[in-house]
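The values are calculated or read from the model by the stated rules, or taken from the named source; none is laboratory data. Since we're looking at a predicted model, the values are computed, not measured. Ideal geometry is used to build each Cβ from the backbone, glycine not excepted, and the neighbour counts take in all protein chains shown.
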Amino acid sequence: MRVILASSSPRRREILSKICTDFEVVPSGVEERVLGDPVTTARRLSLLKALDVWRRNRDALVIGADTLVFLDDRILGKPKDEEEAYQMIRALSGRWHRVVTAVSFVARGLRRTVHDVARVKFREISDEEIRFYISTGEPLDKAGAYGVQGYGATLVERIEGNFFTVMGLPIVKVYEVLKELSILGSQR
């Protein structure tokens, strides 16, 4: 069975390639918007993304994912500009927050969604450090205005939970579903 990752994220592509040797990338056109609390929103968006791509590829297993950062139950999406990125990082500085990544699997007769939540603590970050980080451009296309796999790793003091959940695809949960669906064995 064809496997399609419904995401343009290079991070998700990299993570999935660790366990799945043959897949296509077809980004979804779903608009990301808040659809409830953070976990519900991530789960719904991952399913909507998978369904969007599956409707054009009904012979495939489509994997959709969504990652949200939330602080005190407030969702911190992708910043719209540098000032919003600054405000997000300033709010996260020295504090714990949560990252949820939901993953949906859609194929003929299959609709399954899993999710994972990790806790992340930022170290205290100076205004100068925040401005420098923003100047790299890295925060502007990432939920919560940081990427743990890039220079943003310098902001993170501690992670409780799966690193790959914070990066954008909880590899263990994805592996378990693909193994259950006998997708992994068919690719070896």
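Any idea which of Leu71, Leu76 is surrounded by fewer than 22 Cβ atoms within 10 Å (Cβ to Cβ) and of a type outside the set (Phe, Trp, Tyr)?
Leu71
To keep it simple, each residue is scored yes or no on (1) modelled with pLDDT of 95 or more; (2) in contact with a Phe, Trp or Tyr (Cβ under 7 Å, 6 or more places away or on another chain); (3) buried (at least 22 other Cβ atoms within 10 Å of the Cβ); (4) part of a helix (DSSP H, G or I).
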| position | (1), (2), (3), (4) |
| --- | --- |
| Val62 | yes, yes, yes, no |
| Ala91 | yes, no, no, yes |
| Gly94 | yes, yes, no, no |
| Val99 | yes, no, yes, no |
| Val103 | yes, no, yes, no |
| Thr113 | yes, no, no, no |
| Phe132 | yes, no, no, yes |
| Gly147 | no, no, no, no |
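Could you check, for the stretch 115-125, whether at least one of its residues is within 25 Å of Leu5 (Cα to Cα), among the charged types (D, E, K, R) and buried (at least 21 other Cβ atoms within 10 Å of the Cβ)? Explain how you work it out, then say what you get.
Here is the first cut: in the stretch 115-125, the residues within 25 Å of Leu5 (Cα to Cα) are 115-118.
Going one step further and asking which of them are among the charged types (D, E, K, R), we end up with 116.
If we keep only those that are buried (at least 21 other Cβ atoms within 10 Å of the Cβ) as well, we get 116.
Taking every residue of the stretch 115-125 in turn, at least one turns out to be within 25 Å of Leu5 (Cα to Cα), among the charged types (D, E, K, R) and buried (at least 21 other Cβ atoms within 10 Å of the Cβ).
Name the single residue, out of those in the stretch 153-188 being touching a Leu at 6+ places or on another chain (Cβ under 9 Å) and modelled with pLDDT of 95 or more, that is surrounded by the fewest Cβ atoms within 10 Å (Cβ to Cβ).
Result: Tyr175.
Filter the stretch 10-48 down to the residues that are touching a residue at least 60 places away in the same chain (Cβ under 8 Å), in a helix (DSSP H, G or I) and among the β-branched types (Val, Ile, Thr) and list them by number.
Ile15, Val39
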